[in-house]
Structure formats: C-alpha cells, structure tokens
1. Select from 175, 106, 78 the residue whose mean-square fluctuation is largest in a Gaussian network model of the chain (Cα-Cα springs shorter than 10 Å).
2. For the chain, take the longest principal axis of its alpha carbons; what is the angle in degrees between that and the long axis of helix 34-47, to the nearest 10 within 0 to 90?
3. When the chain is modelled as a GNM with alpha-carbon springs shorter than 10 Å, which of 163, 36, 181 fluctuates the most?
4. Kindly provide the Kirkwood hydrodynamic radius of segment 103-195 in Å, to one decimal, from all pairs of distinct alpha carbon atoms.
5. Going by how many other Cβ atoms sit within 10 Å of their own, how do 112, 67 line up, fewest first?
6. In whole Å, what are the extents of segment 8-178 along the principal axes defined by its C-alpha atoms, from largest to smallest?
7. Please determine, in degrees from 0 to 90 and to the nearest 10, the orientation of helix 145-155 with respect to the longest principal axis defined by the Cα atoms of the chain, where the helix direction is its Cα long axis.
8. Build a GNM of the chain with springs between Cα atoms under 10 Å: which of 50, 169, 144 gets the top mean-square fluctuation?
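Here, each number is a calculation from the coordinates, and none is a lab measurement. Worth saying up front: this structure is predicted, and the values here are computed from it rather than measured. For neighbour counting, all protein chains shown are included, and Cβ atoms are generated from backbone atoms with ideal geometry for every residue, glycine included.
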C-alpha cells in the first residue's frame, strides 16, 4: 500500500504590534515588529534542508514578509484563502473587551458579527488542504493564527470549531503529515530558536 510521505509546513507570521497587545488582527494589514522579523529570519536555516514543491502565502504583509524573510518570497503564490479570519465588528479589539459585552464568546463556535462564521473559515481551509494534498511534494503555508488553527482541525477531519484545541503562537513552525496514510500532526507550535 502506498503511504503518503508529504509534509506541510504551517508557519504563523512573526510578531506584530497587535499580536503583542492581544487585538484581533484580521484584515488590518500590519507589518512585523523587529522581533517578528528576527523570528522570521530564523526559519531560513530551519527549512533550508527541506525540499518544498509549493509555497502559499496570505496576501497580508505580515505573512508575506515572514515568507520573504524565510527565503521563499520569490517562489510564493499569494492565496486569499489563507487570509486571517474576518473579525467584522471585533477587528482591533481584544477578547477581554468582547467578553465584557458577550461573556463566553468563543470565535471557533460563535464567529464574529459582521465577519466570518466558523463554517466559512473552514471552507477556506478545506480549499488550502485540497491544494496541499494535490501537490506532489512538500508544501509551505504562511498565514495567521486563527485560520491555521482551523486548518489543522480540518486536516484531521475535525469541524472548524476544533481549532480551539490547537494553541498557536506567532513565529512558530508546525508540520502536518500522515501516519500510515492517516492525516496527522507531526509538530505543533514549535518556537523558533537561535542556534
């Protein structure tokens, strides 16, 4: 029986001012902080020895810059399916501020007023997964926290709401793969470290 050997490198962009403050950053196009750039540069030696057939990146500058600093900018394809969750009325505010008005709110089950539902984000993640699985060879994805958390849930066959189980920090390397042909998580939320 054929066993799929593909690895999908899932990279959350480096730190931004709003990731530091805890503000929901969906479509607001913020640059990386200097520390975010430093973390992104650490990806280059980590990924240099891996053969990557396809690189996809969100169109937002924090993901594109992370991709560029990791050494893949010229080879990357921009894919709007990788853009961060549209937070609608919750754009730019913190979870605490949301909970002050709506206690118990969880993005992965409740979505955002004026923004996307979990099912809509799940459909975008499914389109990325299809692209990855139909690529011969390894794939790298450069994107954002919530879309990538939904993506890992969908990779495993969970509903989009399953993204709540996968914490994901900025500037992390994650690897999705297969165990005996079954979609699996090989590495998750691994920090970039200096040698």
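1. In the Gaussian network model the winner is 106.
2. Between helix and principal axis, roughly 30 degrees.
3. Residue with maximal mean-square fluctuation among 163, 36, 181: 181.
4. Values: mean 1/r = 0.0712 Å⁻¹.
Its Kirkwood hydrodynamic radius stands at 14.1 Å.
5. Details: 112 21, 67 27.
Going from least to most buried by this count: 112, 67.
6. 48, 36, 23
7. 50
8. Maximum fluctuation in the GNM of the chain, among the listed residues, is at 50.
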